[in-house]
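Chemist: Can you read through this structure? Questions will come right after.
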Amino acid sequence: MATVVKLQPVVRAPAKLQESAAQRRVRIGSGWIAGLFTGLFSLSALILATAIGVMLFYRGEWVRIGPDNCYIGEAPANTVAFGSLPLVHRLVYVLVGIVRATPILMIFWSLRALFRLYAGGEVFSQAAAVRFGGIGGWLCAYAVSPFLCHLALSATGYEIDKNWAHMASLQAFVLGLLVLVIGQVMQVGREIEEDREAFV
């Protein structure tokens, strides 16, 4: 009786590349920066929650709103106590606060996620490119949110603080567009590299 011998090819795992000193610095530094953005996200979320609580429940004179700005403490004579506004008016401004704060929270969250990828060794990965582009998108959202809220408030008659136009918003929008485009370029570069590796 014939014996059949099946030979299995030996598959060796690719040798792990030794981490360079620069890669190690990027990985460790990115871990610290990811922790920083975790803290900034948590702090911003806490500030938003506190602001919502104040807008809904505080009835004192120390939080006021006027045509030029919102104030804590001393305020001009053309301001009114926020707590004296009708509930519907305060709820509208709570919604505005959430809309204005969400892009800031998402910028910190996206930066946290990006640097966590860097800390894990994913520097030029597809996921890192997507996260990088997402930061640009949220920067643009942060820039246009004051204008959109102004349009909504003025159309409904709830607008009190009309000081919404700031040069910082224009700068954030331009920066957001640049970051968004760079993220797209990173994705295209990664796709080209993957095609080259598949061809080889």
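The values are calculated or read from the model by the stated rules, or taken from the named source; none is laboratory data. Note that the structure is predicted; figures quoted are calculated from it, not measured. Because the Cβ atoms are built from the backbone with ideal geometry, glycine has one as well, and the counts that use them run over all protein chains shown. To get the accessible areas, we keep the full protein, side chains included, count just its heavy atoms, and leave off ligands, DNA and RNA. Shrake-Rupley method; radii C 1.70, N 1.55, O 1.52, S 1.80 Å.
Chemist: Using Cα centres only, tell me the gap between the range 147-163 and the range 66-83 in whole Å.
Modeler: 17
Chemist: I've got another one for you. Leaving out ligands, DNA and RNA but keeping every protein chain, what accessible area does Glu122 have, in Å² rounded to the nearest 10, with a 1.4 Å probe?
Modeler: Around 80 Å² of this residue is reachable by solvent.
Chemist: For the pair Ala168/Ser20, report the inter-label distance in nm, with labels modelled 7 Å from Cα in the Cβ direction.
Modeler: 3.8
Chemist: Which value, in Å², gives the accessible area per residue of the chain when a 1.4 Å probe is used on the protein heavy atoms?
Modeler: Details: 13510 Å² over 200 residues.
Per residue, the chain has 68 Å² of solvent-accessible surface.
Chemist: Also, quick follow-up: Where Rh denotes the Kirkwood radius from the mean inverse Cα pair distance, what is Rg over Rh for the chain?
Modeler: Values: Rg = 25.5 Å, Rh = 20.8 Å.
With Rg and the Kirkwood Rh in hand, the quotient comes to 1.23.
Chemist: Quick one: accessible surface of Leu87, probe radius 1.4 Å, all protein chains present, in square angstrom to the nearest 10.
Modeler: Number for this one is 100 Å².
Chemist: R0 = 45 Å: FRET efficiency of Arg59 with Ala127, Cβ-based, nearest 0.05? Kindly include the intermediate steps, with their values, before the conclusion.
Modeler: Working: r = 48 Å, r/R0 = 1.06.
With a Förster radius of 45 Å, E is 0.40.
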